[in-house]
Amino acid sequence: MYKKIACLLPLLCLVMWVAAQKKTIDQKVDSVLRLMTLAEKIGQMNQLSNDFVATGPITKDGDKQDKVRKGMIGSYLNVYGAERTRSLQEIAMQSRLKIPLLFGQDVIHGFRTIFPVPLAEAASWDIAAMEQSARIAAIEASAQGLHWTFAPMVDIGRDPRWGRVMEGAGEDPYLGALVAAARVKGFQGKGLGNTDAMMACVKHFAAYGAAVGGRDYNSVDMSLMHLNQFFLPPYKAASLAGAATFMNSFNDLNGIPATANKYLQRDLLKGQWGFKGFVVSDWGSIGEMIDHGYAKDNYEAAMLAVKAGSDMDMESRSYTNNLEKLVKDKKVDIAVVDDAVKRILRKKFEMGLFDDPYRFSNVEREKQQYSNPEHIKFAREISRKSIVLLKNEQNILPLPKLGKTIAFVGPFVKAISDHNGFWSFDWEDDSTRITTIWDAAGKKGSNKLLYAAGCGITDSSKAGFEEAIAAANQSDIIVFTAGEKRDMSGEAKSRSNIQFPGVQEDLIKALVATGKPVVVLIAAGRPLVFNYTADNAKGILYTWWLGTEAGNAIADVLFGDYNPSGKLPMSFPRTEGQIPIYYNYFNTGRPAKNETDRNYVSAYTDLLNTPKYPFGFGLSYTSFEYGEIVLNKKTISATENLVATITVKNTGAVAGEEVVQLYIRDLVGSVVRPVKELKGFQKIALRAGESKTVSFTVKPDDLKFYNNEVKFILEPGDFKIFIGGNSTAVKEAAFKMQ
Ligand code: NOJ
């Protein structure tokens, strides 16, 4: 008898195993949930930072490892490295239910290989390249045990005083939506469950970029129409692209902190948009509702946040300390807690962590990704694509490769980490593996190169000027490298003055005074104001913070091995007084007729309305000529597409790429409509003398907008269509929709 049972046992196990496999993830989640105590559920909703790196105001508390052992921590941030993540996961496996930890990290623009900051990448207008950049970041970071990146940041940025514009795709909702979706797809690769796929975290929900005065963490007040029309499209696109998680934001929106904002988290995201992932708070943002004056204490803050849909508490400890009591006091329904925990567990299942909690922490894989030549090669390519040529008087650029003496001056010539920018990782071998501008320029041809730092980035001393001027005097051309230190744009890096820090501009003036032509390279995380340079340098390349391959990419562009094709994803102001500045503004009832019109019109008495460099602007070493727009119809119905065609010719002497941009204007609406809205673009390559015909299809959805009742509607009427190489240099045509 026993013998019979014994031989049936393997079969029985197999049947049970097959049955277990057949369970859907939701069923598996439910079966884990049923085993959990309330304290263990709350543990899953708790995320803490490790103590060795802090990306926020860290609060030290007791033995975190013991908490993991007790199932009181569901996720860590700021722990990476295959060994470190494995050893913490081992502790999680000692907990009663052995629920694996999730490791999250700000992998914003590359990991081991640092890519251009996201704003710079957006200047490439190369959506596939941005997806690939996120893909590579995920491959490298996941190899170090990371499951989850706090990216992409998709906040619309109209205010360059706000240091976090560096993390986004700029001011435009259309471009922003494409970039957001691409980056989500890049991070998540072939889908959660693959060991090189990381969960994306779309942030900061919502409208964090509209902080009053560009001051970080400040309030946001805007109509729901404006929010839906201009600020929400990238978040929605990212959610539709399958983003696993969202992060809410520090700001209050129309008086309600985003963290406790039910409209955003429950009604829109989890409701209308059907988002199935979970929402993590921003660092401490639940507890910060006390300072907002929205919650009396942490008990109330936890209640408001969880009810509004914040599933995981990053670092405020409000859930750990209050949620149990809130449930017992019947202030929070257990169903709300269960829903949050289920969302979190579902992702842990999807990531395959219940099958193998160590599957990401693989020392061999980590080693393989430590120096991946393909990734470095790609970094050079996307860095070149991100550079924007702002000025090129008398074709000073590209520089010749021989026969000249060129003085390289300024704080970035030999810099390494300052090119990496904010939210980047320093690796111990950076100084040996990264090529500086100086070293890269030395490899281009046989010019005589001279070097003088002249000044540091933020120096107030002019002691190095003499040496720099001496080098300049011996040269035929001067290249000055200006910009911001790596920590001058980023979180908590709002600046009211966005000009070059220190004495850099004084040195540029001294160099221009030598009478030698000056080319300026600008390294920064945001649009800066640099009027003297704009007016007096012969050539300007906006090189942003490009990362690991900055030196090589800059030298490629400087010496003509790559023809720049970047276009600005944000308007560059003339002075800080123009901010916020963006191209898709409303016309007002008193628009100025021209730049000098001051006759009771909407203008400054002491400043032009136009930006220094408009949205979409960027030059090339060649020139492009646009033909006239041809429309397939002058009138369309509400269900018809419109096809707009234009011919673009490369009229210069070298091959180049151009981003052909299409904008529309709805002339009269039941709410006022922007003077221009980007609705399409194509990046085309043209050989010298070559022409190409570019066609755009404008769909009825492209003409829709949000009205005052926040309805997305289509209204018949007159429209204009514009096509050109930036938001101001455009050809124009008209059509009607009836
Ligand atoms: C606060 C930042 O706002 C957020 O973007 C980041 O992901 C977290 N800190 C974690 O570092």
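Solvent-accessible surface of the stretch 624-737, averaged per residue with a 1.4 angstrom probe and all protein chains in place: 45 square angstrom. Shown here are the Rg and Dmax of the Cα trace of the stretch 388-565, at 15.1, 46 Å. Highest average first, the peptides 700-713, 227-240 ordered by how many other beta carbon atoms sit within 10 Å of their residues are 227-240, 700-713. Projected over all directions and averaged, the alpha-carbon convex hull of the stretch 594-675 occupies 8.9 nm².
According to the calculation over all Cα-Cα pairs in the stretch 631-695, the P(r) per 5 Å bin from zero is 4, 14, 18, 20, 16, 12, 8, 5, 3, 0 %. By the Kirkwood approach, averaging reciprocal distances over each pair of separate Cα atoms, the stretch 38-366 gets a hydrodynamic radius of 19.4 Å.
How many Å³ per residue does the convex hull of the Cα positions in the stretch 47-151 occupy? Mind dumping the intermediate values first?
Values: hull volume 10.2 nm³, N = 105.
About 97 Å³ per residue, rounded to a whole number.
For the stretch 624-737, the Stokes-Einstein estimate of translational diffusion at 37 °C and a viscosity of 0.692 mPa s comes to 221 µm²/s, using the Kirkwood hydrodynamic radius over alpha-carbon pairs.
Pair-distance distribution P(r) for the stretch 482-532, from all Cα-Cα distances in 10 Å bins starting at 0: 23, 52, 20, 5, 0 percent. Solvent exposure of the stretch 38-366 amounts to 29 Å² per residue of accessible area, where only protein heavy atoms count and the probe is 1.4 Å.
Out of all DSSP beta bridges with both ends in the chain, state the antiparallel percent to the nearest 5. All intermediate terms of the calculation are to be shown ahead of the outcome.
On the way: 49 of 92 bridges.
Given both bridge residues lie in the chain, the antiparallel proportion sits at roughly 55 percent.
Return the Rg/Rh value of the chain, two decimal places, where both radii are evaluated on C-alpha atoms and Rh is the Kirkwood radius. Write out the running numbers ahead of the final one.
Numbers: Rg = 27.4 Å, Rh = 27.3 Å.
Value, to two decimals: 1.00.
Here the chain exposes an accessible surface that is 52 percent carbon and sulfur, computed with a 1.4 Å probe and the other protein chains kept in place. Loop-located GluC sites (Glu not before Pro) in the stretch 319-380 (DSSP state other than H, G, I, E, B) with a sparse environment of at most 12 neighbouring Cβ atoms within 10 Å are absent.
Based on protein heavy atoms only, the stretch 388-565 ends up with 33 Å² per residue of surface accessible to a 1.4 Å probe.
The values are calculated or read from the model by the stated rules, or taken from the named source; none is laboratory data. Quantities reported herein were computed from a predicted structural model and do not represent experimental measurements. With ideal geometry, Cβ positions are generated from the backbone for all residues, glycine too; neighbour counts draw on all protein chains shown. Surface areas here come from the heavy atoms of the whole protein model, side chains and all, with no ligands, DNA or RNA. Shrake-Rupley method; radii C 1.70, N 1.55, O 1.52, S 1.80 Å.
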